[in-house]
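Encoded as structure tokens, the structure appears first; notes follow it.
Each reported figure results from applying straightforward, stated rules to the coordinates on display, with no laboratory input. Predicted model only: the values in this text are computed from it and were never measured. Every residue, glycine among them, receives a Cβ derived from its backbone with ideal geometry; neighbour counts consider all protein chains shown.
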Amino acid sequence: MNISLLCNNKEFKLNVKEAQDGYLQISVNKKSYLVSAEFVSGEEILLKINGKVYDVIVSKNSNSYDICMTGKSIRVDKKSPFQLIKNRADTTKKAEVKTSMPGRVVELLVQEGRAVKHGEPVLVLEAMKMQNEIKSPRSGQVKKICPKEGESVEAGAVLFTIE
């Protein structure tokens, strides 16, 4: 089975095959891993990757997964193949960046009207006791930042617009 994941606006293509004794053979970028999983709770998983055990915490919402492993946290966005194609085609239009979960804006890192590069942090959002840098999905100019520092936002709220 082939799976595409989007992490920090970078697409990863995985090939997943069943292996022996409950293991999966997962290939990414010409590297291959033998993986098994033990589900400890709804969010905690013990992953065994090529013989090494990792404690992994996975928090999910309707748009993404937040994965904490070995002291690092990453966000993996859920995107259908149609969304990936649409996002590539929409690079000339404005982009509204919305939050996938409720939170509080801790810090604005740029001002309205400033040019930003793809992946550049625009603001810091605190959600679920974690601070997350919200980055620009593409290069452009920050046309509008909706919340002010210290304001709370609901899930689905527009944080900023890039043109």
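Report, by residue number, each residue of the range 111-135 that is among the charged types (D, E, K, R) and without any contact (Cβ under 8 Å) to a residue 40 or more places away in the chain. Let's see the steps before the verdict.
Initial filter on the range 111-135 (among the charged types (D, E, K, R)): 112, 114, 117, 120, 126, 129, 133, 135.
Answer for the range 111-135, where residues must be among the charged types (D, E, K, R) and without any contact (Cβ under 8 Å) to a residue 40 or more places away in the chain: 112, 114, 117, 120, 126, 129, 133.
Search the range 136-154 for residues that are of a type in the set (Asp, Glu) and pair each with any residue that is part of a loop (DSSP other than H, G, I, E, B) when their beta-carbon atoms are under 7 Å apart and the residues are at least 6 apart or on different chains.
154/102
Yes or no: the range 127-141 includes at least one residue that is assigned to a strand (DSSP E or B), within 21 Å of the chain's Cα centre (by Cα), farther than 23 Å from residue 68 by Cβ and not acidic (Asp, Glu).
Initially, the range 127-141 is screened for residues assigned to a strand (DSSP E or B), giving 127, 130-135, 140-141.
Then keep just the ones that are within 21 Å of the chain's Cα centre (by Cα); that gives 127, 130-135, 140.
Pick out the ones that are also farther than 23 Å from residue 68 by Cβ and you get 140.
When the remaining residues are screened for being not acidic (Asp, Glu), the result is 140.
There is at least one residue in the range 127-141 that is assigned to a strand (DSSP E or B), within 21 Å of the chain's Cα centre (by Cα), farther than 23 Å from residue 68 by Cβ and not acidic (Asp, Glu).
Search the range 129-160 for residues being loosely packed, with under 12 Cβ neighbours inside 10 Å and of a type outside the set (D, E, K, R), and hand back the single one that is nearest to residue 77 (Cα to Cα). Spell out how you get there, then give the answer.
Taking the range 129-160 as the starting set, the residues that turn out to be loosely packed, with under 12 Cβ neighbours inside 10 Å are 129, 148, 150-152, 154.
Cutting the leftovers down to of a type outside the set (D, E, K, R) gives us 150, 152.
Details: 150: 26, 152: 22 Å.
Taking the candidates together, the pick is 152.
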